[in-house]
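The values are calculated or read from the model by the stated rules, or taken from the named source; none is laboratory data. Just so you know, these numbers come straight off a predicted model, no measurement behind them. Here the Cβ positions follow ideal geometry from the backbone for every residue, glycine too, while neighbour counts run over all protein chains shown. Keep in mind that these areas ignore ligands, DNA and RNA; they rest on the heavy atoms of the full protein, side chains included. Shrake-Rupley method; radii C 1.70, N 1.55, O 1.52, S 1.80 Å.
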Amino acid sequence: MSHNFGADMTRLLGAIEAGGTKFRAAVFTPDMSIVDEMRVPTTGPDETLGAMIDFLSGHELLSLGIASFGPLVLDPTQPDVGSFGPTPKPGWSGAPLVQPLEAALGVPVGLQTDVEAAAVAEQRMGAAVDMQRVAYATIGTGIGAAVAVDGVPVRGRNHAELGHMPVRRHPDDMYSGRCPFHGDCLEGMACGPAIAERWDADPATLDDRAGVWEMEAYYIAQLARVLAYSVAPDVFLIGGGVGTRPGMAEMVEEASLADMNGYAEIRRPGGGAFVRAAGLGEDAGLFGAAIIAEQLTE
Ligand code: ZN
């Protein structure tokens, strides 16, 4: 974190990273230095958003960006745009997110998913600064993925749900999967809690002797292939606790090359791996939120 107390306080940017376990808010200068920040545990929407409003209303903001867990309604033709979609998180299904903050703070508010914002931030200041088209996935308590091109998320009517894509089962895997909607989708088979349940151990304590990480790479490689074959980004960054595990990106790269089997692999001028570890760690979403706020002022 950097402090810049001498900055022009009339051009501050507000940022919120909305997570399932905690909400973080920060105030940024135009050069992306943090001047103030806070965090609260995620409780109900009224209490949590109230804490965000209390903190942010103490600053002269130009705009506010939010990077949030999903699902979100981002389709501007829907009356509930800017709200949460159906989520197992108690109290949050259908809860409005943009509207109460916009009403209380009186500034423009922009919203992206946490992974969209992270993709944008990684391109601006992280592991993909020299690339135009960035795919990003977080692999941790859940799996989410997004693509950003030139600082803007690539979206259809709504944000992507690539964490729930179907996967081909590893031949040695008898695990049933844990997605409440699909069972053995990518998230159901390869998120951190799925690893813990399959191997009956804390993933942080597991080495690869039983093939734990080779199996994990086998699943994530299928997402690498889907991304390469759909939007063909310059790079695929993997973040989150599992994604940034030492050696994981290299294992996924190797597994994805085997999976693609020589057909339509991503080849970049100057070479270099397609699958790489993300660079911004836990701050990716918060910085991405600040970039959303910045874009609202342009
Ligand atoms: Zn699923």
>> If I ask for residues that are open to solvent by less than 10 Å² (accessible area, probe 1.4 Å) and in a strand (DSSP E or B), which ones from region 114-142 would you list?
In response: 134, 135, 137, 139
> Within region 198-211, is even one residue touching a residue at least 60 places away in the same chain (Cβ under 8 Å) and either within 30 Å of residue 84 (Cβ to Cβ) or within 16 Å of the ligand (Cβ to nearest atom) (or both)?
Replying inline: no
> Just checking, which of 203, 233 is open to solvent by less than 40 Å² (accessible area, probe 1.4 Å) and within 18 Å of the chain's Cα centre (by Cα)?
Replying inline: 233
> Do the conditions hold for residue 223, that is, is it in contact (Cβ under 8 Å) with a residue 40 or more places away in the chain, outside any helix (DSSP H, G or I) and within 28 Å of residue 126 (Cα to Cα)?
Replying inline: no
>> Being at pLDDT 95 or above and either under 22 Å from residue 232 (Cβ atoms) or surrounded by 24 or more Cβ atoms within 10 Å (Cβ to Cβ) (or both) is true for just one of 101, 97, 111. Which residue is that?
In response: 111
> Is it the case that some residue within region 260-282 is over 22 Å from residue 140 (Cβ atoms) and in a helix (DSSP H, G or I)?
Replying inline: yes
> Which ones in region 18-32 are of a type outside the set (Val, Ile, Thr) and either at pLDDT below 95 or touching a Phe, Trp or Tyr at 6+ places or on another chain (Cβ under 8 Å) (or both)?
Replying inline: 18, 19, 20, 25, 30, 31, 32
> Does residue 148 meet the test of being surrounded by 22 or more Cβ atoms within 10 Å (Cβ to Cβ) and without any contact (Cβ under 8 Å) to a residue 60 or more places away in the chain?
Replying inline: yes
> Applying the selection to region 216-230, what residues are of a type in the set (Ser, Thr, Tyr) and surrounded by fewer than 22 Cβ atoms within 10 Å (Cβ to Cβ)?
Replying inline: 229, 230
> For region 244-259, how many residues are in a helix (DSSP H, G or I) and under 25 Å from residue 22 (Cβ atoms)?
Replying inline: 1
>> Being surrounded by 17 or more Cβ atoms within 10 Å (Cβ to Cβ) and either on the phi > 0 side of the Ramachandran plot or under 13 Å from the mean Cα position of the chain (by Cα) (or both) is the filter here; which residues of region 245-278 pass it?
In response: 278
> Limited to region 166-178, what total is found for residues that are within 16 Å of the ligand (Cβ to nearest atom) and open to solvent by 20 Å² or more (accessible area, probe 1.4 Å)?
Replying inline: 7
>> Given (1) open to solvent by 60 Å² or more (accessible area, probe 1.4 Å); (2) assigned to a strand (DSSP E or B), identify the lone condition not met by residue 81.
In response: (2)
>> Go through region 113-143 and report how many residues are in contact (Cβ under 8 Å) with a residue 60 or more places away in the chain and of a type in the set (S, T, N, Q).
In response: 3
> Just to be sure, is residue 154 outside the structural domain of residue 229 (by TED's automatic domain parsing) and either open to solvent by less than 90 Å² (accessible area, probe 1.4 Å) or small (Gly, Ala, Ser) (or both)?
Replying inline: no
>> Can you tell me which residue is farthest from the ligand (Cβ to nearest atom) among those in region 179-190 that are open to solvent by less than 100 Å² (accessible area, probe 1.4 Å) and assigned to a loop (DSSP other than H, G, I, E, B)?
In response: 184
> Condition test on residue 193, is it within 14 Å of the ligand (Cβ to nearest atom) and either part of a helix (DSSP H, G or I) or loosely packed, with under 11 Cβ neighbours inside 10 Å (or both)?
Replying inline: yes
